[in-house]
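Asks: A single structure is presented below for examination.
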């Protein structure tokens, strides 16, 4: 986590406007429930993949062993996102059906798919996994960007030093640049090590992250 980020406790106020340039620690469903509707300009998030992930050092990801949070979390994301705006969500390929059901139940439209190309295999089982993936979701009749991105983006290895599934800032910057404007508020309800927030800050956006204690 960048030392520039402030940590903020959850407020007891009802429906406050979204705080900016802070990380809230707690349950994202509860925290977003207390936020004002249609406050975020763009959401970029990497939720648990529902695979009970454990890395070589034994680190795990909170709530990666159940999907009870999945629909409520995306319902709240849809509520706090402005109309005609976008959400980019990573997802676990083996559980794509659960994610797609949750997105559609919340009211999102699937309008694109992004593959992040790796030069290395992050895991090997039935196949060698040389990519990550995310869906581009729209709330309402969102406009097409002036310069549409390619749907394949290169990925660099982070070493996962700050989080078991740490995402590279460089791979996230193009998404923020394409689907938000300078000064816009970028929300990441599963912010982990803060890669989305760093990318947003570098591009002149405001940011809000939510994270619970993720390492068990």
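The values are calculated or read from the model by the stated rules, or taken from the named source; none is laboratory data. No experiment lies behind these values; they were computed from the predicted model shown. No Cβ is skipped: glycine too gets one built from the backbone with ideal geometry, and neighbour counts run over all protein chains shown.
Asks: Does residue 133 meet the test of being under 23 Å from residue 63 (Cα atoms) and at pLDDT below 95?
Replies: On the way: under 23 Å from residue 63 (Cα atoms): yes; at pLDDT below 95: no.
No; evaluated as a whole, the condition is false for this residue.
Asks: May I pose another question? Scan the strands (runs of 3 or more DSSP E) fully inside the stretch 99-216 and keep the ones with 2 or more residues being more than 21 Å from residue 83 (Cβ to Cβ). Break it down stepwise before answering.
Replies: Values: elements: 109-117, 131-139, 152-154, 185-188, 206-211.
Correct list: 109-117, 131-139, 152-154, 206-211.
Asks: Another question, if that's okay. Limited to the stretch 43-60, what total is found for residues that are within 28 Å of residue 179 (Cα to Cα) and part of a loop (DSSP other than H, G, I, E, B)?
Replies: 5
Asks: Among the numbered criteria (1) within 20 Å of residue 193 (Cα to Cα); (2) surrounded by 15 or more Cβ atoms within 10 Å (Cβ to Cβ); (3) over 16 Å from the mean Cα position of the chain (by Cα), which one does residue 122 miss?
Replies: (2)
Asks: For the structure I just gave you, tell me whether residue 166 is surrounded by fewer than 23 Cβ atoms within 10 Å (Cβ to Cβ), out of contact with any strand residue (DSSP E or B) (no Cβ under 6 Å at 6 or more places or on another chain), closer than 28 Å to residue 26 by Cα and touching a residue at least 24 places away in the same chain (Cβ under 8 Å).
Replies: It is true that residue 166 is surrounded by fewer than 23 Cβ atoms within 10 Å (Cβ to Cβ), out of contact with any strand residue (DSSP E or B) (no Cβ under 6 Å at 6 or more places or on another chain), closer than 28 Å to residue 26 by Cα and touching a residue at least 24 places away in the same chain (Cβ under 8 Å).
Asks: Only residues that are over 15 Å from the mean Cα position of the chain (by Cα) and in contact (Cβ under 8 Å) with a residue 40 or more places away in the chain: list them for the stretch 91-119, please.
Replies: Of everything in the stretch 91-119, those that are over 15 Å from the mean Cα position of the chain (by Cα) and in contact (Cβ under 8 Å) with a residue 40 or more places away in the chain turn out to be 93, 94, 95, 98.
Asks: Out of (1) surrounded by fewer than 17 Cβ atoms within 10 Å (Cβ to Cβ); (2) at positive phi; (3) in a loop (DSSP other than H, G, I, E, B), what's the single condition that is false for residue 66?
Replies: Just one mismatch for residue 66, condition (2).
Asks: May I pose another question? Taking interchain pairs and intrachain pairs at least six residues apart, which have beta carbon atoms under 9 angstrom, with the first residue in the stretch 191-202 and at positive phi and the second crowded, with 23+ Cβ neighbours inside 10 Å and in a loop (DSSP other than H, G, I, E, B)?
Replies: The qualifying pairs are 192/46; 192/61; 192/167.
Asks: Further, regarding this structure: Any idea how many residues of the stretch 77-101 are out of contact with any strand residue (DSSP E or B) (no Cβ under 8 Å at 6 or more places or on another chain) and either under 17 Å from residue 188 (Cα atoms) or modelled with pLDDT under 95 (or both)?
Replies: Final tally of qualifying residues: 3.
Asks: Still on this structure: Look at residue 32 and say whether it is in contact with a strand residue (DSSP E or B) (Cβ under 7 Å, 6 or more places away or on another chain), closer than 21 Å to residue 207 by Cβ and not in a strand (DSSP E or B).
Replies: Judged against the criteria, residue 32 is not a match.
Asks: Can you pull out the residues in the stretch 35-63 that are in contact with a strand residue (DSSP E or B) (Cβ under 9 Å, 6 or more places away or on another chain), surrounded by fewer than 21 Cβ atoms within 10 Å (Cβ to Cβ), at pLDDT 95 or above and closer than 16 Å to residue 99 by Cβ?
Replies: Within the stretch 35-63, 49 is the sole residue that qualifies.
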